[in-house]
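Here is the structure we will look at.
The values are calculated or read from the model by the stated rules, or taken from the named source; none is laboratory data. As the structure is a prediction and not an experimental result, all values here were calculated from the model. As a convention, Cβ positions derive from the backbone with ideal geometry for all residues, glycine included, and neighbour counts pool all protein chains shown. What goes into the accessible areas is simple: the full protein's heavy atoms, side chains included, and nothing from ligands, DNA or RNA. Shrake-Rupley method; radii C 1.70, N 1.55, O 1.52, S 1.80 Å.
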Amino acid sequence: MVTFLFTDVEGSTRRWEADADAMRAALVVHDKVLRTLIEAYDGFLFSHTGDGFVAAFASPMCAVNAAIDEQRELSLPVRMGLATGEAELRDGDYFGTVLNRAAQVMAAGHGGQILLAESTAGLLSGVDLLDLGPRRLRDLPTPVQVFQVQAEGLPEDFPPLRTLDPTPGNLRPQTTSFIGREPEVAELQAAVKAHRLLTLTGVGGVGKTRLAVEVAARRADEFPDGVWFFELAAVTDPAAVPDAVAAVLGITQQPGKTVTESVASALEGRVRLLVFDNCEHVVDSVADLVEAILAASATVTILATSREAVGVSEEQLWRVPSLDVNSGTESAAVHLFVDRAHSVVSDFSLAQPGEADAVVEICRRLDGIPLAIELAASRMASMTASEVRDRLDQRFRLLVGSRRGLARHQTLRHAVAWSYDHLDDAEKALLERCSVFAGGFDLQSACAVMGSDDDFATLDLLDALVRKSLLVADRSAGRTRFSMLETIRQFAEEQLAASGAAEEVRAAHARYFAGREADIMALWDSPRQREAYEWFTIELANLRTAFRWAADHGDLDMAATIATYAAFVGYLVENYEPMAWVEELIEPARAVEHPRLAGLYVIASQCWMAGRPIEAAIHYSDAAQTILSKGRGEVSFGLEGWLGGPYLFLGQPERWVEWSRTQLERGRDTHASTRAGLVIALTMAGSGKEAMAAAEGLIDAAEATRNPFALSYALLAYGLACRDANPLSALDVLRRGLVIARDNGNRFNESNLAHSLAGLEAEHGDPLAALDHLTLGLRNYHDSGNTTNMRNPLAILAALLDRLGRYEPAATIAGFALAPFTALVVPEITTAITHLRGVLGDQTYESLARKGETMSTAAMVTYAYDQIDQARTELEHPS
C-alpha cells in the first residue's frame, strides 16, 4: 500500500511563453523545495510529468505533511493530488490504477490546492479536511470522494473543481474573461457566506450582473442543490415575478397556496443559491418573494442585483464601484479595454503612437463603467482609440453594440434609459435639472435649480435618486455632496434640453452662484475664512459654468458678481483662472460704467502674478486709481491698497507708497491691508525707519478685524519692516504669520511668508529650516503658475548656496532669478552676485548665469529641488 503525490504547476505553458527566463528561475526554486521536502518526509521521487513531480510515500500522513509544507514555501501556483492504494514497483517505477486516480484528483484542483482521494483521507487523523463530495473524474469509471486539505498558511477559497459532474442549476459559463475585480470577488464570496440576502447595487452598466455571476460560479460547490439564475429584466408585470421564478425551478402551484407560497415551500431544506438579476423595476414583488423564501428555508442564500435595495430586513447592501481608472495603463479599466479590443482586432496594441494615452482618457471619461468601456473597445474594428476619444461628447451615438437584437444593454443609451424610464416625474425633473451642475452639488443648490424652498421635499427626491444609483452621495467632508457619473449627466442633460427648460435652469444655476457672494465673503471675513477657500475649491467648476452662461448671455451684473468674488478668493489660494474672467469683463463694464468696474480693475491689476504682461497690470492699476480718486467706485476690505503692487515689478516701490498714503488719508482702510501694503512698499523702497513707524500698532489693528488674512498679511509686513533692525523679532513675527496663513488655507500669504522666512532663517536662524521654507514657497508658486513670484525663493536659494560655498549652482540659479522686482524683494541677491563674480570671475559667472537664464521654468524648478536636497544632505552630515 503506497500513497502517491502528484504535483503540477498551473498555467505553466502560459508562464513559459510570457517570460521564459523568469519561469526557468522560478522552477529552480520549485524543484529544490519539492526535492528537499519529499526527502525530509521519507518520500521517493520517481518520476516527472512536465513541470510536476510524482512521489511515493509509505505513510499517508508523511505524504500530506510534505504537501502542506511544500505549498507554504512555493511561490508558483502548484496543484497537488494524493491517493493511496496497491502498486507494483518495477525497475524504479510504480505501476497500478492508484497512480491514475492520484493524477486525476490532482487535475481537478487549482494552484495552491491539495486534494485527497477518500482512500488517503480515511487513513488520516488530526488533519483538517473539507469534504467536497463525490466527483466524477476523467478516465475513472466511478465517482471519487474528494477532500481538500486545510491548514494554517494555506488558501481556502478556490474556484469549482474541474470535474465531469453536471452542475445543478442553470448558471451558464460566461463567454468573456473576468477582469479587474478580484478584490471585490473575494469580499463578496465572504459576504455570501455571512449573509442570507446580499444585494449588489450600482448604476446601469457598472457590471453588477457579471460580478454576481462570477461570485456565484466560484461558490457553486457549496450549494449541492445548485445555483439558479433568474433574469428579471424581461418581466414587465410585477405580479408575474413568482411565476417566472417557479417556471425556472420547475415548481407548480400547489392546491390552496399562492405561487409565492408554493415556491417558498418547495425550497425548504434545499441548499441553493438563487441569483435574482435586475430587480429594480419589480422590486416590491421581488421583496415579497424573497421574504417568503427566507422565512420558509434556512438553507437558501439569495444574491440579487438591482439599481436600488430590495428592502427586506435581512438584506446586506453592497455597492458595485466603477473600475479603477487612476492607475494609468495598469488600471483595471484599461486592462478590460485592451482585452475586449483584442477580440475585434487581434493586433491591437497600446504601443502604437498615442494609443495608450487615448485609452486611458477614454476609460476615465467613461467613468470606469465596464459596459461603456466594452462598447468603446468594440469600435477598434474600424477606429483608433484617439478617434474614439475625440467623439466621446457624442457617446450615446458612438457606444452602440452589435445590430443583433438591441436589447437593454446593447447600447449605452439603453442602459441609462432603463434607469431613467423607471423614475417618477419628480425624480426625472430633479435628475434633469441637476445635470447643469459641474463637479457636484449640495442640497441648497439643488433646491435652487428646482425652484423649491422645501428642503425636505428635495431631500426626499435626492435620497430616491441615490438609492436608485443615479446619484452618488459623498459624506467624507462632513457635509453631503451629490454627484452623478458623466455618462448619467450627459443623458440627463439631453432630457433637459428636450424638455425645453434648459435655459431656465441654467439661468437659475448662474443666479444661485451669483447670489452666494454675500454669504461667502461674510465667511471669508471671519475666523472661519478657511471654509470660504474650501468652498471656492469645491465649487470652482460650478462657478466657471455659471460665469460662462452669464457672460455668453450678456448678463453683465451676474457675470461681474461671479467673476469679482471668485477671482478675489481664488487669488488668495493662488488659483488665477477667474482672473481671466475679470479681464474678459473689463471692456463691457467700462462701456456702461458698471458699478463693479473699480473692483474689476483692482482684481485685474494683479494679473501679473498669473504671468500676464506687466503693462496690462499697470494699465488696470492706473485706471482703477482714476476711478477711485474721483469717488466713482467702491472696493471692499480695503483692497485699494493692492493697486500699488504692480509698480514693484518696475522697481518703483515709491509709487505704491504714494498711492497707499493717499488711500489712508481717505480713511478707507477697514482691514489694515492698505497700511500693511504701505509698510511693505516703504521697506522695498529702503525707508526702514518710516516702515517701522508705519508698522507701529499694525498687528493690533489687524487682530481686531478677526480676519486671518488681514492678520497674516500684517505680520508679513511687520516682519519685513524689522528684518534688518531686529532680525530675531522678525523671525518670530514671520513664523507666527506662516502658521496662521497655513492653518487658514491662505496660500498667497503662506507663500510670501515662506520665502521671507527662508531669507531670515538662512542668515540669522536655521539653514535647514530655510531650505524647508524655500521648498514650500517654490512648490506653491510653481504649482499655481506664478512664475513672477517664483523668482523670489530662487533668489534666496542662490544667496544661501553662495553662503554655503556652492558657487556654481548659486550662479546658475541667480541667472534665472535676477530681475528688478527680485532685487527689491530679495536685496541679498545683489550682494551674493557681487561675491560670486569675485569668487568665480566675471567670465565664469556670466556663463553660468546665462545657462540659468535660458533654462525653462520646469527645468529650473527641478534643478533647484536637486540643489536643495544636496544642500540639506551636506548640512545634516557635515563630514
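For the stretch 96-109, taking the residues that are within 48 Å of the chain's Cα centre (by Cα) and within 11 Å of F4 (Cβ to Cβ), the one that is surrounded by the most Cβ atoms within 10 Å (Cβ to Cβ) is identified as V105. Residues that are more than 19 Å from V679 (Cα to Cα), assigned to a helix (DSSP H, G or I), touching a residue at least 40 places away in the same chain (Cβ under 8 Å) and touching a helix residue (DSSP H, G or I) at 6+ places or on another chain (Cβ under 9 Å): does the stretch 733-748 have at least one? Yes, the stretch 733-748 contains a residue that is more than 19 Å from V679 (Cα to Cα), assigned to a helix (DSSP H, G or I), touching a residue at least 40 places away in the same chain (Cβ under 8 Å) and touching a helix residue (DSSP H, G or I) at 6+ places or on another chain (Cβ under 9 Å). Selection within the stretch 165-184: residues that are surrounded by 13 or more Cβ atoms within 10 Å (Cβ to Cβ) and over 25 Å from T301 (Cα atoms). The member of this set that is farthest from the chain's Cα centre (by Cα) is I179. Remark: D802 matches the filter, which requires a residue to be charged (D, E, K, R) and crowded, with 21+ Cβ neighbours inside 10 Å. Only one of A721, A681 is under 20 Å from G777 (Cβ atoms) and either open to solvent by 20 Å² or more (accessible area, probe 1.4 Å) or out of contact with any strand residue (DSSP E or B) (no Cβ under 8 Å at 6 or more places or on another chain) (or both). Can you tell me which? Selected residue: A721, the only one of A721, A681 that is under 20 Å from G777 (Cβ atoms) and either open to solvent by 20 Å² or more (accessible area, probe 1.4 Å) or out of contact with any strand residue (DSSP E or B) (no Cβ under 8 Å at 6 or more places or on another chain) (or both).
Look at the stretch 283-311: where a residue is free of Cβ contacts under 8 Å to residues at least 40 places away in the same chain and a partner is among the acidic types (D, E), sitting 6+ places away or on another chain with Cβ atoms under 6 Å, you get A296/E268; S297/E268. Test A216 against the stated conditions and say whether it is closer than 25 Å to E308 by Cβ, of a type in the set (G, A, S) and touching a residue at least 60 places away in the same chain (Cβ under 8 Å). Against the criterion (closer than 25 Å to E308 by Cβ, of a type in the set (G, A, S) and touching a residue at least 60 places away in the same chain (Cβ under 8 Å)), A216 qualifies. In the condition set (1) surrounded by fewer than 18 Cβ atoms within 10 Å (Cβ to Cβ); (2) in a helix (DSSP H, G or I); (3) polar (S, T, N, Q); (4) touching a residue at least 60 places away in the same chain (Cβ under 8 Å), T862 is compliant with all but (4). Restricting attention to the stretch 64-89 and to residues that are in a helix (DSSP H, G or I) and open to solvent by less than 10 Å² (accessible area, probe 1.4 Å), the residue that is nearest to A117 (Cα to Cα) turns out to be V64.
Do you know which residues across the stretch 27-63 are within 18 Å of G92 (Cα to Cα), of a type in the set (G, A, S), open to solvent by less than 60 Å² (accessible area, probe 1.4 Å) and not in a strand (DSSP E or B)? Across the stretch 27-63, the qualifying residue is only G43. The residue pairs whose first member lies in the stretch 1-22 and is closer than 20 Å to A107 by Cα, whose second member is of a type in the set (V, I, T) and modelled with pLDDT under 90, and whose beta carbons are closer than 7 Å, counting only pairs six or more residues apart or on different chains, are D8/T49.
Evaluated against (1) assigned to a helix (DSSP H, G or I); (2) buried (at least 16 other Cβ atoms within 10 Å of the Cβ), F482 falls short on exactly one condition, (1).
Against the list (1) crowded, with 23+ Cβ neighbours inside 10 Å; (2) modelled with pLDDT of 95 or more; (3) under 32 Å from the mean Cα position of the chain (by Cα), the condition A814 fails is (3). Counting only helices (runs of 4 or more DSSP H) that sit completely within the stretch 547-611, those holding 2 or more residues that are in contact with a Ser or Thr (Cβ under 8 Å, 6 or more places away or on another chain) correspond to 597-604. N789 meets each of the listed conditions (1) assigned to a helix (DSSP H, G or I); (2) modelled with pLDDT under 95 apart from (1). Give the residues of the stretch 1-14 that are in a helix (DSSP H, G or I) and either open to solvent by 80 Å² or more (accessible area, probe 1.4 Å) or within 20 Å of D69 (Cβ to Cβ) (or both), sorted by residue number. Selection gives T13, R14. It is to be established whether one or more residues within the stretch 422-430 are over 26 Å from S306 (Cβ atoms), within 27 Å of the chain's Cα centre (by Cα), open to solvent by less than 40 Å² (accessible area, probe 1.4 Å) and modelled with pLDDT of 95 or more. For the stretch 422-430, residues over 26 Å from S306 (Cβ atoms), within 27 Å of the chain's Cα centre (by Cα), open to solvent by less than 40 Å² (accessible area, probe 1.4 Å) and modelled with pLDDT of 95 or more: absent. In the stretch 110-122, the count of residues that are open to solvent by 40 Å² or more (accessible area, probe 1.4 Å) and outside any helix (DSSP H, G or I) is one or more.
How many residues are without any contact (Cβ under 8 Å) to a residue 24 or more places away in the chain and within 25 Å of R735 (Cα to Cα) when one looks only at the stretch 774-829? The number of residues fulfilling the criteria is 2.
Looking across the stretch 302-321, the residues that are open to solvent by 20 Å² or more (accessible area, probe 1.4 Å) and of a type in the set (S, T, N, Q) come down to S313, Q316.
Of all residues in the stretch 577-595, exactly one satisfies the criterion of being touching a Cys at 6+ places or on another chain (Cβ under 8 Å) and either touching a residue at least 60 places away in the same chain (Cβ under 8 Å) or not hydrophobic (A, V, I, L, M, F, W, C) (or both), namely E583.
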